[in-house]
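Visitor: Structure below; questions to follow.
The values are calculated or read from the model by the stated rules, or taken from the named source; none is laboratory data. Quantities reported herein were computed from a predicted structural model and do not represent experimental measurements. Glycine also receives a Cβ, built like all others from the backbone with ideal geometry; neighbour counts cover every protein chain displayed. Heads up: the accessible areas ignore ligands, DNA and RNA and are worked out on the full protein's heavy atoms, side chains in. Shrake-Rupley method; radii C 1.70, N 1.55, O 1.52, S 1.80 Å.
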Amino acid sequence: NAGVTQTPKFQVLKTGQSMTLQCAQDMNHNSMYWYRQDPGMGLRLIYYSASEGTTDKGEVPNGYNVSRLNKREFSLRLESAAPSQTSVYFCASSDRVLASTDTQYFGPGTRLTVL
Amino acid sequence: AQSVTQLDSHVSVSEGTPVLLRCNYSSSYSPSLFWYVQHPNKGLQLLLKYTSAATLVKGINGFEAEFKKSETSFHLMKPSAHMSDAAEYFCVVSVYNFNKFYFGSGTKLNVKP
């Protein structure tokens, strides 16, 4: 049982380049999330998807786009990368959208550096 | 408004000694509280959660936490540290109907042999 998987694990970009981070879950969860983690800060929500076909902005959505391709997959796209987007990106899933008592299941993360 | 503060960014203990990781929260409503652990180069994993049932919550790997409403605290404890407990720990608060989780900045636990 793989849980939540993310690709790639590491990526280095130049300013202005674009890329897509991929995430998939095999737990049949309805909701999926993208977070970023910066040193000395907690995780901050970028975007989330309550169900297939819906997406909503989180706390820090600027500079990002997302696609909920199907129930399993949720991708995060950086159209024009900036050094401020250097971070570790985590995908997560849960059964219900942002339900206060639900456990979120996290992927291993993508470490992105923008030069 | 909701927020969470982890009082120590780094904690160092010797193997076999107790662990205490401190978390204080601020919430205008009854919160749900979580502790997650992140091992190096891994994703976050749930240790335990409080959702308005028993105030002393037991989790995996011998960890437990006590919800103290009067002190607005949810400290994480373990009686005897193992080397495998070395990781970063995150305290998280959420409130029903607010559709948001608030993550603390994390506490890195070092366990010395």
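Visitor: Kirkwood Rh over alpha-carbon pairs of region B:1-41, then Stokes-Einstein at 37 °C and 0.692 mPa s: what D in µm² s⁻¹, rounded to an integer?
Guide: Result for D is 258 µm²/s.
Visitor: B:Val92: net charge of surrounding residues, Cβ under 11 Å, Lys/Arg +1, Asp/Glu -1, itself excluded?
Guide: Its environment carries a net charge of +2.
Visitor: Still on this structure, I have one more. I want to check a number: in chain B, how many lysine pairs have alpha carbons closer than 26 Å, given a sequence separation of 8 or more or different chains?
Guide: 26
Visitor: What percent antiparallel are the DSSP beta bridges of chain B, to the nearest 5?
Guide: 90
Visitor: Averaged over peptide B:32-39, how many Cβ atoms belonging to another chain are found within 10 Å of each residue's Cβ?
Guide: For this peptide, the per-residue mean of nearby foreign Cβ atoms is 3.
Visitor: Turning to a different aspect of this structure: Using a probe of 1.4 angstrom, how much of the accessible area of chain A is carbon and sulfur, in percent?
Guide: Carbon and sulfur: 49 percent of the exposed surface of chain A.
Visitor: Based on the inverse mean of 1/r over its pairs of different Cα atoms, what is the Kirkwood hydrodynamic radius of region A:1-62, in Å?
Guide: Kirkwood radius, region A:1-62: 13.5 Å.
Visitor: R0 = 30 Å: FRET efficiency of B:Leu46 with A:Ala82, Cβ-based, nearest 0.05?
Guide: With R0 = 30 Å, the Cβ-Cβ based efficiency is 0.40.
Visitor: Hey, can you find the accessible area per residue of region B:55-95 for me, probe 1.4 Å, expressed in square angstrom?
Guide: 44
Visitor: If you don't mind, another one. How large, in percent, is the carbon and sulfur part of the accessible surface of region B:42-113 at a probe radius of 1.4 Å?
Guide: Ligands and nucleic acids excluded, carbon and sulfur reach 52 percent.
Visitor: If you don't mind, there's one more thing I want to ask. Using the Cα centre of the protein assembly as shown as the reference point, and only Cβ charges (+1 on K/R, -1 on D/E), how large is the resulting charge dipole? Debye, rounded to the nearest 20.
Guide: Magnitude of the dipole: close to 200 debye.
Visitor: With unit charges on the beta carbon (Lys/Arg positive, Asp/Glu negative), name the residue among B:Ser12, A:Thr113, B:Pro113 whose Cα is farthest towards the positive pole of the charge dipole of the protein assembly as shown.
Guide: The Cα lying farthest towards the positive end belongs to A:Thr113.
Visitor: Before I look further, what does region A:36-94 give for accessible area per residue, probe 1.4 Å, in whole square angstrom?
Guide: That works out to 43 Å² for each residue.
Visitor: Write down the Å³ per residue value for the convex hull defined by the alpha carbon atoms of chain A.
Guide: 93
Visitor: Here's something else I'd like to know. Below 8 Å between Cα atoms, with a sequence gap of 6+, how large is the relative contact order for chain B in percent?
Guide: Once divided by the residue count of chain B, the mean separation gives 37 percent.
Visitor: Work out the charge dipole of chain A with +1 on the Cβ of Lys and Arg and -1 on the Cβ of Asp and Glu about the Cα centre, then indicate which of A:Ile46, A:Val60, A:Phe10 is farthest towards its positive end.
Guide: Value: A:Phe10.
Visitor: Under unit Cβ charges (Lys, Arg +1; Asp, Glu -1), what dipole magnitude, rounded to 20 debye, does chain A have relative to its Cα centre?
Guide: Computed charge dipole of chain A: roughly 260 debye.
Visitor: Ballpark to the nearest 100 Å², how much total accessible area do A and B bury together, probe 1.4 Å?
Guide: So the total buried area for this chain pair works out to about 1700 Å².
Visitor: Based only on Cα atoms, what Rg/Rh ratio does the protein assembly as shown have, Rh being taken as Kirkwood's radius?
Guide: For the protein assembly as shown, the value is 0.97.
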